1. Hey, among Arg201, Arg188, which residue is over 23 Å from Gly114 (Cα atoms), of a type in the set (Lys, Arg), more than 18 Å from the chain's Cα centre (by Cα) and surrounded by 10 or more Cβ atoms within 10 Å (Cβ to Cβ)?
2. Looking for something surrounded by fewer than 19 Cβ atoms within 10 Å (Cβ to Cβ), assigned to a loop (DSSP other than H, G, I, E, B) and touching a residue at least 12 places away in the same chain (Cβ under 8 Å) - is there at least one such residue anywhere in region 58-70?
3. Just the residues that are under 19 Å from Phe155 (Cα atoms), in contact with a helix residue (DSSP H, G or I) (Cβ under 8 Å, 6 or more places away or on another chain) and either among the aromatic types (Phe, Trp, Tyr) or touching a residue at least 40 places away in the same chain (Cβ under 8 Å) (or both), please, taken from region 108-130.
4. Please tell me if Asp178 is out of contact with any strand residue (DSSP E or B) (no Cβ under 9 Å at 6 or more places or on another chain), over 21 Å from Val79 (Cα atoms) and either hydroxyl-bearing (Ser, Thr, Tyr) or free of Cβ contacts under 8 Å to residues at least 24 places away in the same chain (or both).
5. Are any residues in region 176-185 among the hydrophobic types (A, V, I, L, M, F, W, C) and surrounded by 15 or more Cβ atoms within 10 Å (Cβ to Cβ), and if so, which ones?
6. Within region 135-205, which helices (runs of 4 or more DSSP H) (wholly inside it) include 3 or more residues that are closer than 11 Å to Val123 by Cβ?
7. For region 72-93, name all the residues that are under 25 Å from Arg25 (Cβ atoms) and free of Cβ contacts under 8 Å to residues at least 24 places away in the same chain.
8. Only one of Ser130, Ser171 is polar (S, T, N, Q) and at pLDDT 95 or above; which?
Amino acid sequence: MVGVGTKLLEDFSKQLQIDDPEERRMISGVTWDQYEALLEDFEDRPGYRIAFLDGMLEIMSPSRRHEISSENIGRLLEVYFEEMRIRFWGLGSTTFRRAERAGGAEADKSYNLGTEKEFPDLVIEVIVTSGGVDKLEIYRRLGVTEVWLFQDDSFALYGLRDEAYEQISASELLPDLDLALLVDYATRSDPLEVLIEYRQRVRGTPLT
């Protein structure tokens, strides 16, 4: 029998999701110069993600749930990089854009691996609500090697193949990464305990 406390927590969790919406505004017919000007206007307004594709502009204010998932995944992945001695550059939600390809975006998390480059090797996008511009198309135009889409507590991975993305079953940039383990820890509720335990799992040491 489900206890009263458990039921209250479940109800509260559902209410949080209802009261924690993502705000998204779409604007069509935007020129590249207008997009660049908007990026300058929003420099002092953290907390927004702006994407542009072929004259369509998306301004999104991520929900708390969105940001928690993004931060959890990023911290865990960086633990993995450290423990596996993988040289990385965390680029966060830097704006990447190419005027000649009419595309630009600010990822939830992005990384260069091995060497620092103009555009990220790996982009991670958390999806809480559907809609908006085609982020995969933007990242294709930017030449991002892998894109990970995190939705409903699971990843869909895409690898760049001859200017087109193909869904892949495992990361080719990080072939030894246990993605199921990453998801397991990314969806737990205590960030500190999660990082400590995940580091032990990556090291292969007994859990304390």
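The values are calculated or read from the model by the stated rules, or taken from the named source; none is laboratory data. Computed from a predicted structure; not experimentally measured. A quick note on method: Cβ atoms are made from the backbone with ideal geometry, for glycine too, and the neighbour counts reach across all protein chains shown.
1. Details: Arg188 fails: more than 18 Å from the chain's Cα centre (by Cα).
None of the other options fit; the residue is Arg201.
2. Looking through region 58-70, none of the residues is surrounded by fewer than 19 Cβ atoms within 10 Å (Cβ to Cβ), assigned to a loop (DSSP other than H, G, I, E, B) and touching a residue at least 12 places away in the same chain (Cβ under 8 Å).
3. Passing the criteria: Asp108, Tyr111, Ile124, Val126, Val128.
4. Values: out of contact with any strand residue (DSSP E or B) (no Cβ under 9 Å at 6 or more places or on another chain): yes; over 21 Å from Val79 (Cα atoms): no; either hydroxyl-bearing (Ser, Thr, Tyr) or free of Cβ contacts under 8 Å to residues at least 24 places away in the same chain (or both): yes.
No.
5. So the first thing to find is which residues in region 176-185 are among the hydrophobic types (A, V, I, L, M, F, W, C), and the list is 177, 179-183.
Matches in region 176-185: Leu177, Leu179, Leu182, Val183.
6. On the way: elements: 135-142, 179-186, 191-203.
Here the list reads 135-142.
7. Gly92
8. Numbers: Ser130 fails: at pLDDT 95 or above.
So the residue among Ser130, Ser171 that is polar (S, T, N, Q) and at pLDDT 95 or above is Ser171.
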